[in-house]
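Visitor: Mind looking over this structure? Questions follow.
The values are calculated or read from the model by the stated rules, or taken from the named source; none is laboratory data. As the structure is a prediction and not an experimental result, all values here were calculated from the model. Virtual Cβ from ideal backbone geometry, glycine too; neighbours counted across all protein chains shown.
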Amino acid sequence: MKFILVIAYLILTVAGLVLMKLGGNPGTIALKEGTITLGMSVISGIGFICYLCSFLLFTRIVVMFNLSYIFPICTGIVQILTLIASAVVFKENITMQSAIGAAIIIVGIIIMNLKQTQT
């Protein structure tokens, strides 16, 4: 169950980022006659909801895992998935520097998951 929550978090985070960028509207907040109004495109709104849900999931995930373990792993995976999504959805170029950076992140995640030998 814990890992299903992590996968849902990763999907919602990347979907939220992609949809907010696709919506192209950062949103507006206004105070009119004592009422706060929020305006944004539907796609940006869905992205915002996805990102908000991912945040709520992450608050649950950090309770279930060691923070020093789960935070760097999730952050690294989100960075790599966002890099891939930006190339696929927005046709952004993946430079040599970004590919090397992604490789370093992957190596770091692998190293973090290696079992330590007891001496």
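Visitor: Whether any residue in segment 32-43 is within 25 Å of residue 2 (Cα to Cα) and charged (D, E, K, R) is what I want to check. If you could, list the steps in order and put the result at the bottom.
Guide: Let us first name the residues in segment 32-43 that are within 25 Å of residue 2 (Cα to Cα), namely none.
Checked against the condition, which is being within 25 Å of residue 2 (Cα to Cα) and charged (D, E, K, R), segment 32-43 yields no hits at all.
Visitor: In addition: How many residues does segment 38-61 hold that are hydrophobic (A, V, I, L, M, F, W, C), at pLDDT 90 or above and surrounded by 16 or more Cβ atoms within 10 Å (Cβ to Cβ)?
Guide: 8
Visitor: Return the residues of segment 30-40 that are part of a strand (DSSP E or B), over 21 Å from residue 54 (Cβ atoms) and without any contact (Cβ under 8 Å) to a residue 12 or more places away in the chain; say none if nothing qualifies. Break it down into steps so the answer makes sense when it comes.
Guide: Here is the first cut: in segment 30-40, the ones part of a strand (DSSP E or B) are 30-32, 35-39.
Applying the additional criterion that residues be over 21 Å from residue 54 (Cβ atoms) yields 30-32, 35-37, 39.
Result: 30, 31, 32, 35, 36, 37.
Visitor: In segment 70-119, which residues are polar (S, T, N, Q) and at pLDDT below 90? If you could, list the steps in order and put the result at the bottom.
Guide: So in segment 70-119, the residues polar (S, T, N, Q) come out as 75, 79, 82, 86, 93, 95, 97-98, 113, 116-119.
The answer is 113, 116, 117, 118, 119.
Visitor: In segment 7-24, how many are over 11 Å from the mean Cα position of the chain (by Cα) and surrounded by 15 or more Cβ atoms within 10 Å (Cβ to Cβ)? Please lay out each step first, then the result.
Guide: So in segment 7-24, the residues over 11 Å from the mean Cα position of the chain (by Cα) come out as 19-24.
The next check asks that each one be surrounded by 15 or more Cβ atoms within 10 Å (Cβ to Cβ); those that pass are 19-23.
The number of residues fulfilling the criteria is 5.
Visitor: Are there any pairs, at least 6 apart or on different chains, whose C-beta atoms fall under 9 Å, with the first in segment 1-20 and without any contact (Cβ under 8 Å) to a residue 40 or more places away in the chain and the second outside any helix (DSSP H, G or I) and exposed (fewer than 14 other Cβ atoms within 10 Å of the Cβ), and if so, which?
Guide: 20/26; 20/27
Conditions tested, residue by residue: (1) part of a loop (DSSP other than H, G, I, E, B); (2) under 16 Å from the mean Cα position of the chain (by Cα); (3) surrounded by 12 or more Cβ atoms within 10 Å (Cβ to Cβ).
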residue	(1), (2), (3)
63	no, no, no
71	no, yes, yes
80	no, yes, yes
83	no, yes, yes
86	no, yes, yes
93	yes, no, no
107	no, no, no
